[in-house]
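First comes the structure, then the notes that go with it.
The values are calculated or read from the model by the stated rules, or taken from the named source; none is laboratory data. These figures come from a predicted structure and were not determined experimentally. Neighbour counts are summed over all protein chains in view; Cβ atoms, including those assigned to glycine, are modelled from backbone coordinates with ideal geometry. Accessible surface areas use protein heavy atoms only, side chains included; no ligands, DNA or RNA. Shrake-Rupley method; radii C 1.70, N 1.55, O 1.52, S 1.80 Å.
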Amino acid sequence: MPKGQVFVPDMIFYHIRLKAYIVLEIKVVEYIPEFAGKLNFYVSAVDELMKQEDDNPTIGLLICKSKDDTVVEWSFRGMNQPLGVAEYELRKDIDKISKMLPSESDMRNFIESHEDY
């Protein structure tokens, strides 16, 4: 790893059945080609630093607000890593959903009441 530089992907998961790491990057903007290089870098870093010999190739997934398929295709051309891009859509019924979730104080009370476990 380059000295004095810190690189932090948004999330890294390990999929037990796939036996593969998954690097997830989330962007709140439209896809731009620079994102492909960053995702490829993170996947390469996980392969180098975390992946074991019996693991399958690391998968990179970028989720963004919107994308142009041609821009995505051209920016990934020539890369041999398993990478993908998906769009997200904000739900219109978020108020209804958030009412079903516990509040911050409910979560804090729950955690504090279970600290001995």
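Cβ-Cβ distances below 6 Å connect the following pairs, each with a first residue in the stretch 30-43 that is under 14 Å from residue 63 (Cβ atoms), a second residue that is small (Gly, Ala, Ser), and a separation of six or more residues or different chains: 30/66; 36/75; 39/60.
State whether the residues of the stretch 2-11 include one that is in contact with a Ser or Thr (Cβ under 7 Å, 6 or more places away or on another chain) and surrounded by 13 or more Cβ atoms within 10 Å (Cβ to Cβ). No, every residue in the stretch 2-11 fails to be in contact with a Ser or Thr (Cβ under 7 Å, 6 or more places away or on another chain) and surrounded by 13 or more Cβ atoms within 10 Å (Cβ to Cβ).
When the residues of the stretch 83-99 are filtered to those that are among the acidic types (Asp, Glu) and free of Cβ contacts under 8 Å to residues at least 12 places away in the same chain, the one that is least open to solvent (accessible area, probe 1.4 Å) is 93. Taken over the stretch 33-74, the residue count meeting the criterion of being under 21 Å from residue 7 (Cα atoms) and surrounded by 14 or more Cβ atoms within 10 Å (Cβ to Cβ) is 21.
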